[in-house]
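The structure under discussion appears below in the form of structure tokens.
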Amino acid sequence: MFHTSDCKKYCRCSRQFWLSWKEPLPPFSPFVRMDGDLTELACRKLGVDPDMNFRGIRGDDPQRAKEALNWADWLISPRFEAADLRVKIPFLHRTEAGWDVYFLYGGHFPTEAEAFGFGLSLWVLQQQSIPVSHVRLIHLNHRYVRGAQLDPQELLLISDHFYNEAGRPKRAIEEVLRQQRLEVSALLQQMRSCLDQPAPPPWRRPCCTRRNKCAYYQRCFPQEQQLEADSIMTLVSSQHKADMAAMGRLRLQDADLQQLEGTRQQFAQIRAAQQGGCYVDVLGLQSWMDSVLKEPLCFLDFEWETYAIPPYEGMRCYQPLPFQYSLHIQNEDGSLIHREYIGVHDCRREWIERLLADLPCRGSILAYNAEGAEKIRLQELAQQFPCYAPQLKRIAARMVDLSFPFQSGLVYDLRMRGMYSLKALLPIADATQNYQDLDIHQGMEAVLQWRQLDLQDPQADPAAIRAHLLEYCGMDTYSMIVVLRWLKRLVREHQPAFRKQNDPVAG
């Protein structure tokens, strides 16, 4: 029996669909935490009493839902089947004209991309001779700010239209579904046939890495895990690197200039390949450091959890909650001081107060990807706690993004292989340092372990988890120190060559 998710996988990539059936992966831990039951909240929004109506459960016999059509005014999560396709309808409501369908979307702005899944559900209802009068969509309200209690009436919106990428209303849902031409029977037959055949060959397309990289990516392209340092496949922000590789342009220095997007990162990569390993814009890097680095230097990193439904007062949907920070302070004499904090539940106020107490009142505050992470967290906390807003905004104003030299193409080392994370940079900056010896190797692992603390998992070891989290976050800030030292060393090492190249007498 197929489900809507199977159909989506097949249309996205037949190989992904085949592998998900033949070689299923372990259950995926979601990046976003959904503590509340969205269906229960939608019941409260719609004024539906689950005890007085029908509610389906996982593994339900579809006959139960069909029988409930005879007596219930509302069907909550009924399951229906037709031609090997099983669907779950969030809500069906009896009206004089037939049944109103309410689909449920756990985000802010459902786009027309959702129409395919909705169309499959409506096709099954049609095959079961269930007349549909209207189609509506329940989704989260991006303007909602939680008060002391969660308010489903304000949290959720009921829409009859899709949205564009900017979050503005677009076409009516029913109009989009009417114009949709789904050949569902033919699609299901193709899916059955696919499973009867050997695995489709891997075919690299933008969808393989769009948004979140496919879980089967390494399974499909194992050769990319052992790329040569100057491989054309390491070229960042390139839509044409696979085409160039197919044409025999296998190395960065062989790139077709007509097929480049022309970013500074690409320029740095190609220059590094041409120069035998490393490219440094000495003048640009030195100028950047001179303009932003003020002692004492502070190295700061946050860890946070993201909730779909705001759990605490003042929070919005999908707004992160910082639960940890690590702070290394490098004094003018080079000595280091380390401060750290980790909390659980609603620790925001204590987190802020500890950070304000730990940070020196002057000096630069370095964070890696500060513009896309730490600065935003501080701005969010300033909105949630106006009494701390002036101090938090002053901290944000002192922040320096250590990723800037790499994102702007001031520095590139071929050993980076197109990756710009701290984990990729650390062993290049210092071969004796890496994350592999830690119990936590990357950010999502940290979040999953913290969830065990926050949810008071009886099988968890709180002391061990705290130790792992503090060690991991502390490594992030220490890594920034190592990377900055490396950048300063690169300037010293490349300055003689730079001066010789630009000295007219020497020339």
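Of all residues in region 400-415, those that are on the phi > 0 side of the Ramachandran plot have Cβ atoms under 9 Å from Cβ atoms of residues that are open to solvent by less than 10 Å² (accessible area, probe 1.4 Å), 6 or more apart or on another chain, in GLY409/GLN266; GLY409/ALA268; GLY409/GLN269. When region 161-182 is limited to residues that are assigned to a helix (DSSP H, G or I) and touching a residue at least 24 places away in the same chain (Cβ under 8 Å), the one that is most open to solvent (accessible area, probe 1.4 Å) turns out to be GLU174.
The set of residues in region 95-107 that are open to solvent by 30 Å² or more (accessible area, probe 1.4 Å), of a type outside the set (Gly, Ala, Ser) and in contact (Cβ under 8 Å) with a residue 24 or more places away in the chain comprises THR95, LEU104, TYR105. Go through region 363-373 and count every residue that is touching a residue at least 24 places away in the same chain (Cβ under 8 Å) and over 19 Å from TYR478 (Cβ atoms). Residues that pass the stated criteria total 1.
Name the single residue that is surrounded by the most Cβ atoms within 10 Å (Cβ to Cβ) among those in region 431-467 being part of a loop (DSSP other than H, G, I, E, B) and in contact with a His (Cβ under 7 Å, 6 or more places away or on another chain). Only one residue tops the list, namely ILE440. The set of residues from region 374-430 being part of a helix (DSSP H, G or I), acidic (Asp, Glu) and open to solvent by less than 20 Å² (accessible area, probe 1.4 Å) comprises just one member, GLU374.
I'd like the full set of residues that are of a type in the set (A, V, I, L, M) and open to solvent by 80 Å² or more (accessible area, probe 1.4 Å), limited to region 47-81. Correct list: MET52, ILE57.
Residue-level analysis places ARG44 outside the set of residues that are over 30 Å from GLN197 (Cβ atoms), part of a helix (DSSP H, G or I), in contact with a strand residue (DSSP E or B) (Cβ under 8 Å, 6 or more places away or on another chain) and open to solvent by 90 Å² or more (accessible area, probe 1.4 Å).
Report yes if some residue within region 49-68 is free of Cβ contacts under 8 Å to residues at least 24 places away in the same chain and in contact with an Asp or Glu (Cβ under 9 Å, 6 or more places away or on another chain); otherwise report no. Yes, because at least one residue in region 49-68 is free of Cβ contacts under 8 Å to residues at least 24 places away in the same chain and in contact with an Asp or Glu (Cβ under 9 Å, 6 or more places away or on another chain).
Among all positions in region 136-143, there is no residue which is assigned to a helix (DSSP H, G or I), in contact with a strand residue (DSSP E or B) (Cβ under 9 Å, 6 or more places away or on another chain) and not acidic (Asp, Glu). When residues in region 73-113 are screened for being assigned to a helix (DSSP H, G or I) and either aromatic (Phe, Trp, Tyr) or touching a strand residue (DSSP E or B) at 6+ places or on another chain (Cβ under 7 Å) (or both), 1 of them pass. Filtering region 357-373 down to residues that are of a type outside the set (Gly, Ala, Ser) and in a loop (DSSP other than H, G, I, E, B), which residue is nearest to the chain's Cα centre (by Cα)? The qualifying residue nearest to the chain's Cα centre (by Cα) is ASN369. Does GLN258 count as closer than 21 Å to ARG205 by Cβ and modelled with pLDDT under 95? No, not satisfied. Taking PRO200 as the residue in question, decide whether it is in contact with a Gly (Cβ under 9 Å, 6 or more places away or on another chain), more than 26 Å from VAL483 (Cβ to Cβ), at pLDDT 95 or above and surrounded by 14 or more Cβ atoms within 10 Å (Cβ to Cβ). It is false that PRO200 is in contact with a Gly (Cβ under 9 Å, 6 or more places away or on another chain), more than 26 Å from VAL483 (Cβ to Cβ), at pLDDT 95 or above and surrounded by 14 or more Cβ atoms within 10 Å (Cβ to Cβ).
In region 1-17, the residues that are without any contact (Cβ under 8 Å) to a residue 40 or more places away in the chain form Cβ pairs under 7 Å with partners that are not hydroxyl-bearing (Ser, Thr, Tyr), at six or more places apart or across chains, as follows: LYS9/GLN16; LYS9/PHE17. Only residues that are touching an Asp or Glu at 6+ places or on another chain (Cβ under 8 Å) and either among the hydroxyl-bearing types (Ser, Thr, Tyr) or surrounded by fewer than 18 Cβ atoms within 10 Å (Cβ to Cβ) (or both) were counted across region 84-94, and they come to 1. Among the residues of region 443-471, those that are without any contact (Cβ under 8 Å) to a residue 40 or more places away in the chain and touching a helix residue (DSSP H, G or I) at 6+ places or on another chain (Cβ under 7 Å) comprise GLN449, GLN452, ALA460, PRO462, ILE465, HIS468. Quick check, is ALA113 without any contact (Cβ under 8 Å) to a residue 12 or more places away in the chain, of a type in the set (A, V, I, L, M, F, W, C) and within 19 Å of HIS3 (Cα to Cα)? It is true that ALA113 is without any contact (Cβ under 8 Å) to a residue 12 or more places away in the chain, of a type in the set (A, V, I, L, M, F, W, C) and within 19 Å of HIS3 (Cα to Cα). Pairs are defined by a Cβ separation below 7 Å, a sequence spacing of at least 6 or placement on different chains, a first member in region 347-362 that is open to solvent by 50 Å² or more (accessible area, probe 1.4 Å), and a second member that is among the aromatic types (Phe, Trp, Tyr); the pairs so defined are ARG349/PHE385; ARG354/TYR341.
Elements of the type helices (runs of 4 or more DSSP H) sitting completely within region 183-255 and holding at least 3 residues that are closer than 25 Å to PHE118 by Cβ and aliphatic (A, V, I, L, M): these cover 184-195.
The values are calculated or read from the model by the stated rules, or taken from the named source; none is laboratory data. Owing to the predicted nature of the structure, the values given are computational and were not obtained by experimental measurement. Cβ: placed from backbone, ideal geometry, glycine included. Neighbour counts: every protein chain shown. Side chains included, ligands, DNA and RNA excluded: accessible areas come from the protein's heavy atoms. Shrake-Rupley method; radii C 1.70, N 1.55, O 1.52, S 1.80 Å.
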